[in-house]
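Each remark here refers to the structure printed beneath this line.
What follows draws every value from the coordinates through simple rules; no lab data is involved. None of the values given here were measured: they were computed from a predicted structure. With ideal geometry, Cβ positions are generated from the backbone for all residues, glycine too; neighbour counts draw on all protein chains shown.
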């Protein structure tokens with residue numbers, strides 16, 4: 001962009017912004033013959049197309065004037081009420097419509113939370129690795145990003161405590177922690193109950209807020225759902241962000257943020273100047289989908305569907321990957337995270353794989369410190385079983401070849 | 001909000017943000033018996049409900065997998081191409097899909113442009129008065145707002161020049177001008193060709209960018225459309241922002257931003273972290289609506305419809321308002337702006353009017369310097385003729401009573 005005549009006029013954040021490498025990779029590998037384990041998009045097979053068609057037909061015919069008009073910035077009252085009730089049932093007591101704002105996906109929830117809390121140079125702590133939404137929203141506010149190791153129990157809260165102390169004693173303003181507690185993107189890890197409690201205590205002790213990004217909450221294949229951070233929150237420090245993209249459809253861009261009424265009011269004001277209101281037809285269609293009891297059924301169906309895909313992927317990996325590679329067994333969500341043997345370079349593997357029409361996402365873009373060069377993310381969400389089998393076999397062979405070459 | 005326990009944790013912008021007084025007024029007066037000239041929402045009578053129902057039914061049935069899936073951050077390629085062609089036909093040569101990003105309404109376009117260009121303390125020049133979207137997006141970036149008088153020819157570019165010089169010599173970084181060139185909200189004024197040229201020259205001379213917010217562009221009742229600022233732009237300094245809300249439907253939150261490819265790339269990166277992508281069904285439905293030739297017909301119908309409403313409102317005002325009040329005759333858009341006699345207070349009038357179930361928006365919230373206390377905005381967009389007649393008569397009588405009281 002060096003020849004851009006407006007270069008000198010861009011804001012510091014625009015100049016420093018990093019386009020999503022993951023989105024770029026997904027665009028690069030969008031060839032028809034590609035067997036892609038790269039994208040984290042849901043499988044359109046599971047979209048409730050017929051129900052949405054039927055509901056939208058009826059709503060447009062009967063209430064087209066409401067459905068196609070502007071709505072309030074907060075979002076449809078009945079929808080917020082319905083979602084608040086669902087959260088009450090999840091163990092978050094006392095939430096009502098005033099505690100929710102409907103957003104254009106949880107992406108927008110992260111962005112609004114960042115706008116409401118982060119000043120330039122405030123520190124935002126994020127997982128190492130983490131989905132890019134949190135770091136991106138932080139960078140857009142000029143915040144400093146500091147990574148904290150994520151292991152199979154989620155973000156390491158002992159390390160987190162050390163980092164907070166280190167940063168504070170170095171004079172930094174530590175403001176917030178961004179975390180994906182369930183089936184984290186990209187590691188698939190779930191934050192343990194003990195660490196959830198410790199995270200809440202750290203936030204209270206050090207006067208922090210927590211951005212709890214929970215798009216996969218409802219996609220649990222097995223085991224008990226631990227209480228959300230919001231359910232454990234005693235002081236209003238948790239801003240809970242949810243998405244309908246993985247349990248309804250992503251195209252309508254529906255999500256919500258839940259928090260104390262004061263925080264939500266601030267987020268609503270920020271949204272007035274971000275996009276005024278979330279698209280109205282999507283909100284009405286979702287409300288009717290919930291009223292007809294279809295969302296719970298859809299969640300059950302999606303859970304069964306993606307569980308079977310995960311099982312198949314793990315089976316193939318057990319069969320084809322060498323013992324020197326390691327990976328997790330996620331209890332939900334879309335992702336398996338692989339550590340390649342030793343210091344094997346995932347980017348080199350990526351280029352070899354693409355030559356054979358197999359794609360994945362390298363792990364390094366998920367690490368704000370640029371580490372993780374021997375890691376990669378595999379998604380079973382959108383790929384067919386047939387393609388998955390071939391892709392995993394191909395990858396396994398490439399890793400073995402590389403290993404053999406290294407050992408020569 | 002003084003008891004908010006998180007008060008001390010909010011960002012400077014969140015603390016300084018001003019909720020939209022206009023949205024608050026519109027919420028306040030949303031009583032069924034209210035005859036409201038307050039809102040600037042389009043009349044749902046004119047929504048192409050049947051066509052949208054037919055198109056969405058067909059698209060969901062045939063392409064539900066695409067329609068309900070995530071899309072690219074830029075927006076649907078075919079839609080961007082179609083909109084670029086329309087802009088070429090409007091006299092903006094050389095634009096293609098790479099020059100456009102589809103946004104959630106022009107509101108989001110303003111927000112993204114502000115993110116890309118404004119640093120804290122940069123000066124954003126805005127009309128005095130102006131729609132709150134520009135100032136709100138500027139405040140969200142921590143920019144300083146400076147108002148420049150708007151008269152019947154639009155923003156006064158001589159005054160603008162003086163302000164720029166004054167600000168620069170006082171050491172300020174003047175970065176951008178936010179302007180609504182056609183049928184401005186709230187004044188209804190259209191920027192003259194001479195001033196458009198002068199504005200472009202000022203931007204070149206003083207190294208500024210222009211945010212051209214043009215949601216009413218297509219709603220011209222009479223007279224020639226002057227060339228847009230983007231059409232006059234020789235150096236890529238104009239970011240042109242459009243909305244489908246007034247010529248299609250507002251609920252789908254569709255708009256676009258057009259500019260040099262480098263600027264658009266920056267806005268796309270900002271959008272990745274704002275909400276990832278614009279809702280997909282809305283984009284596909286709009287594309288099909290354009291392909292079937294329905295958008296041009298809709299624009300024609302809306303123009304005829306709102307012209308008749310404007311005519312009726314002006315007729316009623318001529319009949320019922322005292323000669324001491326003055327107002328404009330807009331050539332398009334939704335708004336008539338009234339100067340009350342002398343220093344008559346519009347807020348007092350507002351409260352008296354609401355007692356009689358008549359509502360409007362006071363002018364003062366549109367002035368970033370807090371002036372304009374004797375002004376008000378009337379909208380003919382959504383009110384029925386019957387209600388309009390009664391509301392204007394009531395308002396006229398209240399103004400006359402107030403005048404008589406003042407003259408006692």
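When A:378, A:67 are ordered from fewest to most other Cβ atoms inside 10 Å of their Cβ, what list results?
Taking fewest neighbouring Cβ atoms as first place, the list is A:378, A:67.
Provide a whole-number value for the mean count of partner chain Cβ atoms within 10 Å of the Cβ atoms in peptide B:59-71. Present the calculation step by step, with values, prior to reporting the outcome.
Details: counts 1, 8, 4, 0, 2, 9, 7, 2, 8, 12, 10, 12, 3.
Going residue by residue through B:59-71 and averaging, the value is 6.
For residue B:81 and residue B:261, calculate 0.36 nm times their separation in residues minus their Cα-Cα distance, and state this gained length in nm to one decimal. Intermediate values should be presented prior to the final figure.
Numbers: separation 180, 0.36 × 180 = 64.80 nm, distance 1.37 nm.
Extending this stretch completely gives an extra 63.4 nm.
What does a probe at residue B:393 reach in region B:310-338, counting residues whose amide N is under 17 Å from the point 7 Å along Cα→Cβ?
Counting only backbone N, you get B:312-322.
Quick one: order B:329, A:310, B:159, B:234 by neighbouring beta-carbon count within 10 Å, fewest to most.
Details: B:329 12, A:310 24, B:159 15, B:234 9.
Ranked by crowding around the Cβ, least crowded first: B:234, B:329, B:159, A:310.
Size of region B:67-293 along its principal axes in angstrom, Cα-based, largest extent first?
53, 40, 29
Go ahead and estimate [θ] at 222 nm for the protein assembly as shown from helices alone: -39,500 (n - 2.57) per DSSP H run with n ≥ 4, summed, over the residue count, rounded to 500.
Values: 28 runs with 361 residues, N = 816.
Dividing the helical sum by the residues of the protein assembly as shown leaves -14000 deg cm²/dmol.
When only C-alpha pairs under 8 Å and at least 6 residues apart count, what is the relative contact order of region B:316-377, in percent? Working shown, then result.
Numbers: 77 pairs, mean separation 19.7, N = 62.
With pairs under 8 Å counted, the relative contact order is 32 percent.
When the expected Rg is taken as 2.2 N^0.38 Å, what fraction or multiple of it is the alpha-carbon Rg of chain A?
Dividing the Cα Rg of chain A by 2.2 N^0.38 Å gives 1.00.
Treat each spin label as a single point 7 Å out from the Cα along the C-beta direction, and report the residue A:33 to residue A:12 distance in nm.
4.9 nm
Based only on other Cβ atoms within 10 Å, what is the fewest-to-most ordering of B:28, B:125, B:160, A:314?
Values: B:28 13, B:125 29, B:160 24, A:314 17.
Ordered from fewest to most neighbouring Cβ atoms within 10 Å, B:28, B:125, B:160, A:314 come out as B:28, A:314, B:160, B:125.
Using Cα-Cα distances under 8 Å and only pairs 6 or more residues apart, what relative contact order does chain B have, in percent?
Details: 750 pairs, mean separation 94.7, N = 408.
23 percent.
Where the centre of each part is set by its Cα atoms, how far does region A:348-399 sit from region B:184-228, in angstrom?
For region A:348-399 versus region B:184-228, the Cα centre distance is 51 Å.
Using a basic spin-label model with each label point 7 Å from the Cα along Cα→Cβ, how many nm lie between residue A:4 and residue B:311?
If labels sit at residue A:4 and residue B:311, their model points lie 4.9 nm apart.
Rounded to the nearest 0.05, what FRET efficiency do residue A:93 and residue A:158 give with R0 = 41 Å and r taken as the Cβ-Cβ distance? Could you check?
Details: r = 30 Å, r/R0 = 0.72.
With a Förster radius of 41 Å, E is 0.90.
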